[in-house]
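Comments concern the structure below.
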Amino acid sequence: MSGPVAEIKEVSFSFGTRPVLENVSLKIEAGDFLLLIGPNGSGKTTLLKIMLGLIKPWQGRVCLFGRELGSFRDWYRVGYVSQKATGFDARFPATAEEVVLAGRIARSGLGRRLGAGDREAALEALRVVGMEDCRNALIGNLSGGQQQRVFIARALAGNPELLVLDEPSAGLDSRAMDSFYAMLGKLNQAGITVVTVSHDIGAVPGEVNRVACVNRRLVCHGSPARVLTPENLASLYGMPVSVISHRH
Amino acid sequence: MFEYEFMVRAMLAGLVAGIICPAVGVFVVMRRYSFMADTLAHVSLAGVAAGALLGVYPAVTTLGFAMAAATVIEKLRSGPRLYGEAVLALMMSGGLALAVVLISLSRGMSIDIFGYLFGSVLTVGPGDLWLIAGLGCAVLAVIILFYKELYYISFDEEAARVAGLPVDRLNFIFVLLVAVTVAVSMRIVGTLLVSALMVIPVLTALLVAGSFRSAFITAVFLGVVSVALGLTGSYYLGIAAGGAVVLTALVFFVLTLSGKQLRQAWQRRLLAPGAPKKVKEELVTGDGS
């Protein structure tokens, strides 16, 4: 593949008069497993939303797969799991399969019916995350970890090349988190570029191969070994921090 | 009762409302727009009065007012610094105030306000029936065409945006659907009760639905049955048609809710210590459910 999967160029954004991001540039190459870290309120989620076109930056540009966001139409190449995915309306009467089927809509096009091929792809995505047995269960009746897997299956159902996850480990215990990151690692090895956000730097999963530290500015960016130095983290968090790297 | 043509027309018009109200209502309820229908109905009343005042066929002005109000609501809601439900309250009282003023201006003209407030399905003429059927088919066609898109933005609007769906345009289509549905159904159950036909069958369906699809189908089924039973009851008992339809829908809701709670209490008792072991096992392994 030619060129970066996503490119953020000199992006700035403010909520009212409070600057959230200042002049952030970031390139995400195909095959990256990028972890965006930073304290609460550091602008990580905002950066992700700008990258996906959900928020318009005040300055700067974003390209996905070599195209400016304004003219980008191939949204089926992007899978997204929002932070809200774990805080959705649990009373919504959708089965796991119905939730995942929605992930096929970007491929099928407006006003077209989803067919047997879409259903097959949805089941396959449920199989990948190990949730095919729960496909007829109502989403609100599943546990937090199971719901998270269903939402990832929805993002995977369209066979994306870029998977973007916002705080995906929120609400998972440490064992569930390990198996969760192992699953993301497998997807990454299968060729999917993964971008994920975490405010919890207490545990940087071994699957991650790039780390970007954001705190209004891009503090540093590179391999975990190069970035996660005590000096960098101290400047990011404003106090000494140590990192435990999880190897599997 | 079908030896009377007006009853045949009433039943047909009622069934159109019985289908489209819950079909739109599923999305209305899931998106927390339940008060939207009520608001548009109050504004529609102003449309009726304006029609009478201007000497225009009221159905046309009603539709115009409802669609204009839906557009304004959608614009105000998506704008900053206004609470969604406050916008609805503003439009509801504004619409009602306008309706009252227009009615007072049209004093002396033959305008059956009571009929519009509480429904006047027995006076549906052949022309009205064609209009109701045509608009009803249009609403149903749009829902079927955009079913999966409306489902997606109801469940997760942000994800729908990232999937490349034109969410703002779909939202606009959706409020227009609500407006047309309100205008169509006003004749059948009346301004004050139109939102009931949108909301109650859906709430009943949500109590028993095992999927979104089954919630949709059950809600439409309950809407149709409520209208059929309600109109039949109103004919034989000589009671108000709109009220009878809504009360029938309410009876279904109460019965379903009680049935569900009884079943849960029964299951809790069986699972309690001291219950027969065999039944317990059946419940735990799920054979009973």
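Quick check: the distance between the Cα centres of region A:144-158 and region B:198-248, to the nearest angstrom?
35 Å
Measuring from centroid to centroid over Cα atoms, what is the spacing of region B:108-151 and region B:54-69 in Å?
12 Å
Does region B:15-76 classify as rounded, prolate or oblate by the C-alpha gyration tensor (a ≥ b ≥ c root eigenvalues; a/c under 1.5 gives rounded; else a/b over b/c gives prolate, otherwise oblate)?
Since a/c reaches 1.5 but b/c is at least a/b, the shape of region B:15-76 is classed as oblate.
Ignoring ligands, DNA and RNA, how much accessible area is buried between chains B and A, both sides summed, with a 1.4 Å probe, to the nearest 100 Å²?
2500 Å²
Just report the Cα centroid separation between region A:176-238 and region A:17-34, whole Å.
13 Å
Obtain the radius of gyration and the Kirkwood radius of the protein assembly as shown from its C-alpha atoms and give Rg over Rh.
On the way: Rg = 27.4 Å, Rh = 26.1 Å.
My calculation puts Rg/Rh at 1.05.
List the extent of the Cα atoms of chain B along each of their three principal axes, largest first, rounded to whole Å.
Principal-axis extents of the Cα atoms in chain B, largest first: 75, 53, 31 Å.
Which residue, B:186, B:30, B:198, has the most motion in a Gaussian network model of chain B that connects Cα atoms within less than 10 Å?
Largest GNM mean-square fluctuation: B:30.
Rounded to the nearest 10 Å², what accessible area does residue A:55 have for a 1.4 Å probe in the complete protein model?
In the full protein context, residue A:55 sits at about 30 Å².
List the pair-distance distribution P(r) of region B:216-273, using every Cα-Cα distance, as the percent of pairs falling in each 10 Å bin from 0 up to the bin containing the longest distance, rounded to whole percents.
23, 35, 22, 14, 6, 0
Determine the share of chain A's accessible area contributed by carbon and sulfur atoms, expressed in whole percent, with a 1.4 angstrom probe.
47 percent
Of the residues B:190, B:94, B:259, which exhibits the maximal mean-square fluctuation in a Gaussian network model of chain B defined by a 10 Å Cα contact cut-off?
Highest fluctuation among the options: B:259.
For a quick check of your reading of the filter: which trypsin sites (Lys or Arg not before Pro) in region A:100-152 sit in a DSSP loop and have no more than 13 other Cβ atoms within 10 Å?
A:112, A:113
Residue by residue through region A:105-111, which ³J(HN,Hα) values in whole Hz follow from phi under the Karplus form 6.51 cos²θ - 1.76 cosθ + 1.60 (θ = phi - 60°), with glycine and proline marked x?
So the J values, rounded to whole Hz, are 5, 4, 7, 6, x, 5, x.
I'd like the orientation of helix B:5-30 relative to chain B: the angle between its Cα long axis and the longest Cα principal axis, in ° from 0 to 90, rounded to 10.
60 degrees
Residues of region B:161-188 that become at least 10 Å² less accessible with every protein chain present than in their own chain isolated, using 1.4 Å: which are they?
Listed by number, the residues meeting the 10 Å² cut-off are B:161, B:162, B:163, B:164, B:165, B:166.
Only sites in a loop by DSSP and with at most 10 other Cβ atoms within 10 Å count here; which trypsin sites (Lys or Arg not before Pro) in region A:1-91 make the cut? Kindly include the intermediate steps, with their values, before the conclusion.
Numbers: sites: A:9, A:27, A:44, A:49, A:61, A:67, A:73, A:77, A:84, A:91; in loops: A:73, A:91.
The qualifying sites are A:73, A:91.
For region A:41-172, rounded, prolate or oblate, judged on the Cα gyration tensor with a ≥ b ≥ c (square roots of eigenvalues), a/c < 1.5 rounded, else prolate if a/b > b/c?
Working: a/c = 2.26, a/b = 1.35, b/c = 1.68.
It is oblate, given that a/c is not under 1.5 and a/b is not larger than b/c.
With every protein chain kept in the model, how would you rank A:178, A:32, A:133 by accessible area, 1.4 Å probe, largest at the top?
Correct descending sequence by accessible area is A:133, A:178, A:32.
In nm², what is the average projected area of the convex hull enclosing the Cα atoms of chain A?
Average of the hull's projected areas for chain A equals 13.9 nm².
Which value, in Å², gives the accessible area per residue of the protein assembly as shown when a 1.4 Å probe is used on the protein heavy atoms?
On the way: 24510 Å² over 537 residues.
I get 46 Å² per residue for the protein assembly as shown.
Give, as a single signed number, the net charge of other residues whose beta carbon lies under 10 Å from the beta carbon of residue A:221, with Lys and Arg counted +1 and Asp and Glu -1.
Computed value for this residue: +3.
For the charge dipole of the protein assembly as shown, defined by +1 on Lys and Arg C-beta atoms and -1 on Asp and Glu C-beta atoms about the Cα centroid, which residue among B:118, A:227, B:253 has the Cα displaced farthest towards the positive pole?
Going by the Cα projections, it comes out as A:227.
Just the projected area, averaged over all directions, of the convex hull on the alpha carbon atoms of region B:160-225: how many nm²? Could you put the intermediate results ahead of the total?
On the way: hull surface 22.2 nm².
For region B:160-225, averaging the hull's shadow over all directions gives 5.6 nm².
Could you check how much of the accessible area of region B:10-144 is carbon and sulfur, as a whole percent, using a 1.4 Å probe?
75 percent
The values are calculated or read from the model by the stated rules, or taken from the named source; none is laboratory data. Keep in mind that this is a model prediction, so the values were computed, not measured. For neighbour counting, all protein chains shown are included, and Cβ atoms are generated from backbone atoms with ideal geometry for every residue, glycine included. Just the protein is used for accessible areas: all its heavy atoms, side chains included, with ligands, DNA and RNA removed. Shrake-Rupley method; radii C 1.70, N 1.55, O 1.52, S 1.80 Å.
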